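Presented below is the structure to which this report refers.
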Amino acid sequence: MNRELKNNPMSNNMEEINNYKYGIKSTIAQCWAISGVWLLQIELGIHVITSTIVIGALENNASREKNEFLTITREEASWFGSLSHLFTPLGNVLSSLLLDRLGHKKCMILTNIPYLIAQIMLYFAKNVEMLYACSILMALGVGFMNAPSFGYAGEVCEPKLRSTLTSAMNIFYYMGTIILTMLYSITMQWRLTVQITMVFPILTIIILLTIPDSPMWLLTKGKHSKAHRHLSRLRGKVSYGKCENEFQEMVRYNNGSHHKENTNTWKQLFEPAVLRPFRLMIIYFFFKNLLCGLPLLPYLVSIFNKFNAPVYVEWTISFSMFLSIVGSLMAVFLIRKLGKRFLTLFTLSVCSICYILIGLIGVYWKNTEPLTSWIVLLLFLTTILIASSGITPISWILIAEIFPAK
C-alpha cells in the first residue's frame with residue numbers, strides 16, 4: 001500500500017493545487033454547495049449509530065424504559081446490526097444505475113426518502129421483523145448516498161479547497177453520531193431520540209433544493225451554458241470571464257472523455273486509469289474498516305459491558321464520538337502538513353498495536369479487574385481518536401480525487 005500511494009500518478013496529481021484566485025466569496029459559495037453533503041454525513045452518522053442505541057436498549061430486555069415492550073435476543077441483535085452492512089452494496093448498485101441519468105443533486109435528495117421511512121418505522125416498531133426492515137432501508141440509503149455525495153464534493157470544489165472540504169465531511173459524520181448518542185443519554189428513550197432526528201433529512205432536502213448541479217455532470221449532458229452558469233454560482237457568482245479558464249479545462253476534460261463513448265462502460269472499468277485507483281481503494285478500505293472500529297459500532301454497549309468498563313456506558317459512547325470529531329478536526333490540518341501517506345501508515349500502525357493489546361487482554365486476563373478495564377477502555381478510545389485523524393478521512397478524500405470523473 002505504501003508503494004501504491006507513492007507511485008500512483010493520480011495520487012500525485014491530486015496534490016497539485018491550481019489557484020484560480022476567486023476570493024472569499026467563492027469559498028463561501030462552495031461551503032454552501034457542499035453543506036448538503038455535510039448534512040447527509042450527519043444523517044449517515046445518525047443511522048450508523050442507531051443500531052448501537054437500539055441493540056443496547058433492547059438486547060435481552062436491557063431497556064430502562066418502563067413502557068418499552070420490545071426485546072431482542074443476542075442472535076436477533078446480530079442480524080439487526082449485520083443487515084445494515086449486508087444491503088449497503090445494493091444501495092451502491094441502485095445509485096450507479098441512476099446517477100448518470102438524474103445527476104448528483106437529485107440522487108442526494110432521493111437518498112433522504114429511505115432514511116425518513118426507516119425512522120418512522122423505527123418509532124412504531126412492534127416486532128423484530130420491523131427492526132430488520134428498518135435496518136435494510138437504512139443500508140440502502142447509506143449505499144445510495146455514497147457515489148452522488150462524494151462525486152459532487154469532488155466535482156464542485158476548487159482543487160485548493162477539495163482536500164479541506166472533503167476531509168471536513170468526516171467531522172459532520174461524527175457530529176451525527178454524537179448528536180444521537182447525546183440525545184439518547186439525555187432522554188433514555190430510544191424511540192423519542194429517533195423521532196427527534198427526523199428533522200435532519202427534512203432539513204437536508206430543503207438545503208439540497210437550493211444548491212447548483214455539478215457543472216461537470218451538466219457538461220456530460222451537453223448543457224454547456226447551464227454548466228457555465230452553475231460554475232459561476234459555485235465560484236461566488238463571478239463573471240463568466242473570470243471562471244472561463246476553469247470552465248474551458250472542464251470542457252477539454254469532458255471532450256477527452258467523449259472519445260471513449262463508443263467503448264463499453266464495463267470495459268472502461270478495466271482500463272489502467274480506473275484499475276489502479278480501484279485496486280488502491282480496495283486495499284485501503286479493507287484495512288480502514290478492519291482498524292477503524294466501524295464493524296464494532298452496533299455492539300459497543302455489549303463490548304463495554306463485557307469488559308466491565310468502569311463508566312456510564314451511554315455517555316462513554318458519546319465521548320468516543322466526541323473524540324472522533326477532535327480527530328477529524330486534527331485531520332484537516334495534519335493532512336496538508338504531514339501528507340496522506342505518512343498519516344495513513346502512522347494511524348494504521350497505532351490502531352494495529354491497540355487492537356492487538358485489546359485482544360491479548362481479552363484472552364489472557366479473563367478475570368476482569370478495574371485496571372484491565374481502564375486499559376481496554378483507553379486503548380479503544382485511542383483507536384477512535386487516531387483512526388478519525390488519519391485512515392478514515394483520507395479514505396474518502398482519495399475516493400473524491402483519484403478516480404476519473406466519468
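Every read-out reported here was derived from the displayed coordinates using simple, explicitly stated rules and does not represent laboratory data. Everything quoted here is computed from the prediction, not taken from an experiment. Please note: Cβ atoms are built from the backbone with ideal geometry, for glycine as well, and neighbour counts cover all protein chains shown.
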Cα-derived Rg over Rh, computed across segment 25-211 with Rh taken as Kirkwood radius:
1.00
For a Förster distance of 22 Å, can you work out the FRET efficiency between the beta-carbons of residue 378 and residue 289, rounded to the nearest 0.05?
0.45
The base-10 log of I(q)/I(0) that the Debye equation returns for segment 67-142 at q = 0.15, 0.28 Å⁻¹, one scatterer per C-alpha, is -0.56, -1.25
At 24 angstrom or more along the helix axis (alpha-carbon based) and mean Kyte-Doolittle of -1.0 or higher, what helices does the chain contain? Whole DSSP H runs only.
24-58, 88-123, 128-156, 159-187, 272-291, 313-338, 340-364, 370-388
Cross-link pairs beyond the 32 Å C-alpha cut-off, checked among 242/337; 221/242; 226/288; 105/288; 223/267; 267/337:
226/288; 267/337
Among 47, 228, 104, residue whose mean-square fluctuation peaks in a GNM of the chain (springs only between Cα atoms under 10 Å):
228
Does segment 266-405 come out rounded, prolate or oblate by the C-alpha gyration tensor, with a ≥ b ≥ c the root eigenvalues, rounded set by a/c under 1.5 and, if not, prolate when a/b is larger than b/c and oblate if not?
prolate
